[in-house]
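The values are calculated or read from the model by the stated rules, or taken from the named source; none is laboratory data. Keep in mind that what you see is a predicted model, and the values were worked out from it rather than measured. Glycine gets a Cβ as well: all are built from the backbone with ideal geometry, and neighbour counts include every protein chain shown. Quick note on the areas: whole protein, heavy atoms, side chains included, nothing else; ligands and nucleic acids left out. Shrake-Rupley method; radii C 1.70, N 1.55, O 1.52, S 1.80 Å.
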Amino acid sequence: MSLLSSLTNRIFFASALLAVLTIGVAVYRVNVAVTNQAESELRRGVDEAGTLLEEQRTYLFDHFTREATLIADLSNLKAALYTKDAPTVQPLAEEYQRRIGSDLFVVTDPAGHLLAEAGRRRMARDDPDAADAIGRATQGREALSLWSRGGGVVQVASVPSFLGPELMGTVSVGSSLDQEAARRFRALTQSEVAFAFEHQIQASTLPDRFNDTLARLSLTGPGVVGTVTLGDSEYVFVNRPLPLTSAAIRTPAVAAAVPTALILRSRTDRLRFLRAVHRELAGTAFLAVLAAVLLSYAVARTVTRPLGAITATMREMAATGDLTTKIALSSGAGWDDEDARLVATTFNTMTGSIARFQREAAQRERLSSLGRLSTVVAHEIRNPLMIIKAALRGLKREPVAADHLRAAVANIDEEVARLNRIVSEVLDFARPIAFDLAPVDVNAVCRDAARAVDAADQPAPPIALSLAPDLPAVVADAERLRLVLVNVLTNARHAVAARAAAAEPAAAAPIRLVTSATAAGRIAIEVSDAGIGIDADDLGRVFDPFFTTRRAGTGLGLAISRNIVEGLGGTIGVASRPGAGTDVRIELPR
């Protein structure tokens, strides 16, 4: 059977698939949106960090350039330069360097000879860039230069100091792009920083093993945001050139080369929070899918459970032949399906109509049978009357012997009793049955009927009782139900006796009376005998009025029994195997 052949499965799978697709698409779109937003924020942050570093460096260098010009014009410095005494100039150089916070502070005489220097960076005596810049300053011009040193490059502004027209010396102030500056800018931008000059990394906050890769990155276009993998981490980077923007004259080295700053942020670290977001989204999606699947199953069950109840009732009707079975409606639970309730109500209305039709049909059948009574009753009554008439004719002769008189009186009495029985059974069959309904212990009625049959028919084969314990009571007419069982057990006795008369062996317990509770909530009474059985041609007529295979029978016992059982809302059926026995099954509603 196909998995989708069930309405429950189709509704469940359709609802669950819709929920899974909806939640999956929503989670995917949220993941993509969050990831794209994080990527965009990361790239924008790197670019903003590069702009901040560039602006900070430009502002700082311009500040040092202006400070150098102001300091060179101070009278106390000019007076010290006039002495050309290094011990006199050195304290002033240290004080001014400390005030402006420059990395390099150099003072020379008019010939370019060093008088004092302060700061953490020093001027190399053999540096051609430094000599060229100071030489230009001694000629009375400001000069911007780059002093390349191991571990960094220094951006220097050199200015002359005049006393009137006389040159007193030069002042050089510098800002270094070294390891300490890189760490300072790292704290400012919250990013990794590397300084490159002439395709060589001068300083970096990253391990030295990445310098070759960083040197290649310095060749990329300025302002372009890209990605690079360094070790186990992926970084987003931007390359920012750091030109000397002052209007002062630049040295040839400055015009030929520009230091660059690489700003890097770890994409791996910055996007690590997305893993937690993805896990949370995955967990939420799983719980949502689970809830959607359970809800889909519940919805499917609310639709198909009432249909299943209807189908089960129809299957029970087909199995038992009881067309009056009704569907038990639930007590208005919130999950009940309104359409299924309407179908169940309509079905119950239909079964009620069928039950009414069956009662009316049974009544019409009984009335129709009365039309045949005239012929049958006439035939049944004529035989006893002829016997009575013959007995009376013998009594008219004189003298009448005592033996003949006794035989005639016995015949008349027997035939009168037969006539009375015929009339009583005809009346029971023809008129509607008035039931006296009350709770009835079925097992007690069965035991009473068995005792009645044993007492009325001696000697006879035994009746084996197999009564289910704790059998619930049924609402019925106990006397009428006892009459039905007496009729059925009597027929079983006759069938077993007929088999014994034919010298055929019977079972150890030729008659069994069994009670049980069915899965459909009904009470079953089954009478089985090991008699001669019923021919297949006669089996369909056993409930017809006046049909009998016994010479002394009237043919109304089973017809009346069926009327009683159906009047109590039950069913009665007969199954037989010629030569093997007969089973009569009665089912009653609780």
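A few comments on the model shown:
- Residue match in region 27-35 (condition: open to solvent by 70 Å² or more (accessible area, probe 1.4 Å) and of a type outside the set (F, W, Y)): yes
- Answer residue from region 528-554, given it is more than 15 Å from R577 (Cα to Cα) and surrounded by 20 or more Cβ atoms within 10 Å (Cβ to Cβ) and is modelled with the lowest pLDDT among those: T554
- Looking only at region 47-99, and only at residues there that are charged (D, E, K, R), assigned to a helix (DSSP H, G or I) and in contact with a Leu (Cβ under 9 Å, 6 or more places away or on another chain), the one that is surrounded by the fewest Cβ atoms within 10 Å (Cβ to Cβ): K78
- Qualifying residue in region 177-194 (condition: crowded, with 22+ Cβ neighbours inside 10 Å and more than 60 Å from the chain's Cα centre (by Cα)): yes
- Selection within region 267-301 - touching a strand residue (DSSP E or B) at 6+ places or on another chain (Cβ under 7 Å) and crowded, with 17+ Cβ neighbours inside 10 Å: R267
- Count - residues of region 375-421 that are under 30 Å from N563 (Cα atoms), at pLDDT below 70 and open to solvent by less than 80 Å² (accessible area, probe 1.4 Å): 5
- Count of region 137-157 residues which are touching a residue at least 40 places away in the same chain (Cβ under 8 Å) and either open to solvent by less than 30 Å² (accessible area, probe 1.4 Å) or at negative phi (or both): 14
Listed here are the residues, each with its yes/no results for (1) at pLDDT below 90; (2) of a type outside the set (G, A, S); (3) surrounded by 20 or more Cβ atoms within 10 Å (Cβ to Cβ).
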site: A118; (1), (2), (3): no, no, yes
site: A130; (1), (2), (3): yes, no, yes
site: S161; (1), (2), (3): no, no, yes
site: P165; (1), (2), (3): yes, yes, no
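- Take the conditions (1) more than 18 Å from A68 (Cα to Cα); (2) without any contact (Cβ under 8 Å) to a residue 40 or more places away in the chain; I134 misses just one of them, which is (1).
- Output for region 305-356, where each listed residue is under 24 Å from L295 (Cβ atoms), at pLDDT below 65 and surrounded by 11 or more Cβ atoms within 10 Å (Cβ to Cβ): S330, W335, D336, D337
- In the set (1) within 30 Å of A312 (Cα to Cα); (2) modelled with pLDDT of 80 or more; (3) not in a strand (DSSP E or B), A520 fails one condition alone, (2).
- Test: residue in region 427-436 that is over 25 Å from D544 (Cα atoms), open to solvent by less than 50 Å² (accessible area, probe 1.4 Å), modelled with pLDDT of 80 or more and within 60 Å of the chain's Cα centre (by Cα): no
- Residue match in region 233-240 (condition: under 22 Å from G45 (Cα atoms), free of Cβ contacts under 8 Å to residues at least 60 places away in the same chain and surrounded by fewer than 17 Cβ atoms within 10 Å (Cβ to Cβ)): yes
- Identity of the residue in region 569-584, at negative phi, of a type in the set (G, A, S) and not in a strand (DSSP E or B), that ends up surrounded by the most Cβ atoms within 10 Å (Cβ to Cβ): G570
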